[in-house]
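Peer 1: For reference, the structure I am asking about is given below.
What follows draws every value from the coordinates through simple rules; no lab data is involved. All figures in this text were calculated on a predicted structure; none of them were measured in a lab. Methodologically, a virtual Cβ is constructed for each residue, glycine included, from the backbone with ideal geometry; neighbour enumeration extends over all protein chains shown.
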Amino acid sequence: AVNEGKDPATIAKAIDAYNAAQQRICESQNIAFVSITALSRLPLPNLLASDHLHPSKEQYALWAKAVVPVALKVLSH
């Protein structure tokens, strides 16, 4: 597996730091930012595809529900 032998807490901290940096960059450039990480971490059974690595269609649907309202707001201006 891709993350075999890697500490999930360490990976989560690195992802959180990356997202925080990206959010700061977006805000400094007046670019909308939507974090999907919390949705990816929900303890729901079907969020990963059968390979247990890639997002499932259910996870993509959650992401879309978070992104679409922000995109519509940006496009309406």
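Peer 1: Using modelled backbone amide H atoms (1.01 Å from N, in-plane), which distant-in-sequence or interchain residues come within less than 5 Å of Leu48's amide H?
Peer 2: Answer set, sorted by chain and number: Ser56.
Peer 1: May I ask which residue of Gln23, Pro69, Leu47 lies farthest towards the positive end of the charge dipole of the chain, with charges of +1 (Lys, Arg) and -1 (Asp, Glu) on Cβ and the Cα centre as origin?
Peer 2: Pro69
Peer 1: Determine the relative contact order of the chain: mean sequence separation of Cα pairs under 8 Å and six or more apart, normalised by residue count, in whole percent.
Peer 2: 22
Peer 1: Just the projected area, averaged over all directions, of the convex hull on the alpha carbon atoms of the chain: how many nm²?
Peer 2: Quarter of the Cα hull surface area: 6.1 nm².
Peer 1: Go ahead and collect, in residue order, the members of segment 34-74 whose backbone nitrogen is under 20 Å from a label point 7 Å along the Cα-Cβ direction of Gln23.
Peer 2: 34-43, 62-74
Peer 1: Grab the beta carbon distance between Lys57 and Ile15, set R0 = 22 Å, and tell me the FRET efficiency rounded to 0.05.
Peer 2: 0.50
Peer 1: Give the lysines reachable from Lys65 as a straight Cα distance under 21 Å; neighbours fewer than 8 places away on the same chain don't count.
Peer 2: Within reach: Lys57, Lys73.
Peer 1: Divide by every residue of the chain the summed helix terms, -39500 (n - 2.57) for each DSSP H run of at least 4, and state the resulting mean residue ellipticity at 222 nm, rounded to the nearest 500 deg cm²/dmol.
Peer 2: Mean residue ellipticity, 222 nm, calculated: -18500 deg cm²/dmol.
Peer 1: Helix 8-28 against the longest principal axis of the chain: what's the angle in degrees, Cα atoms only, rounded to the nearest 10?
Peer 2: 10
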